[in-house]
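Take a look at the structure below.
Please treat every number below as a calculation from the coordinates, not as lab data. Since the model is a prediction, treat every value here as computed from it, not as a measurement. Every residue, glycine among them, receives a Cβ derived from its backbone with ideal geometry; neighbour counts consider all protein chains shown.
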Amino acid sequence: MSANTFLPEKWAGPVRVFACGLTAAIAAALCWASYQFVVLERSGGKELALGIKTWVPATVMPFGLLLVTIRAIRGAGPRTQQRLAAAAFLLVPLILGLAGKPEGNAVLWIGIPVSSPEPYWVCQSSPLWAESRCCCSGVPDNRHRRGRITPTP
């Protein structure tokens, strides 16, 4: 059963366009990164077994990710308007790439909601973290053995 079956009928189209557009944007960014990797490997000049250059098998990555990008845009819907809306998501990685790197701690704060391995309460209540350092503060975390959850000072 698809998750789309839980959505109201009027939301199914926009949600599909959003999901396909997001997929296309991520695949396109990965396609560009893998292309840069192939160029870097080609300039290195290393060889694998039987004289095959290291960049030759790596060329599969950009082509495969390009196909994923195209498939995601085509999957947005049967109408051209839906496909164009999904293709508009390709502008997001392009704009972010042209915008440059943010200064200071902005990168850290942007990445915290995405890259945090577990929520704050896991390190205080899970017995799996016994005798380890708390993921939040870096101090030894054995409070969960006393059967109560206390905030980290």
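Observations on the structure shown:
- Chain lengthening between Leu40 and Thr80 when straightened (0.36 nm per residue, less Cα-Cα): 10.7 nm
- On full extension, the segment bounded by Ile95 and Met61 gains 9.9 nm, given 0.36 nm per residue less the C-alpha separation.
- Simple Cβ-charge dipole of the stretch 1-99, Lys/Arg +1 and Asp/Glu -1, about Cα centre, in debye nearest 20: 240
- Across the alpha-carbon set of the stretch 6-85, the Rg to Rh ratio works out to 1.22, Rh being the Kirkwood radius.
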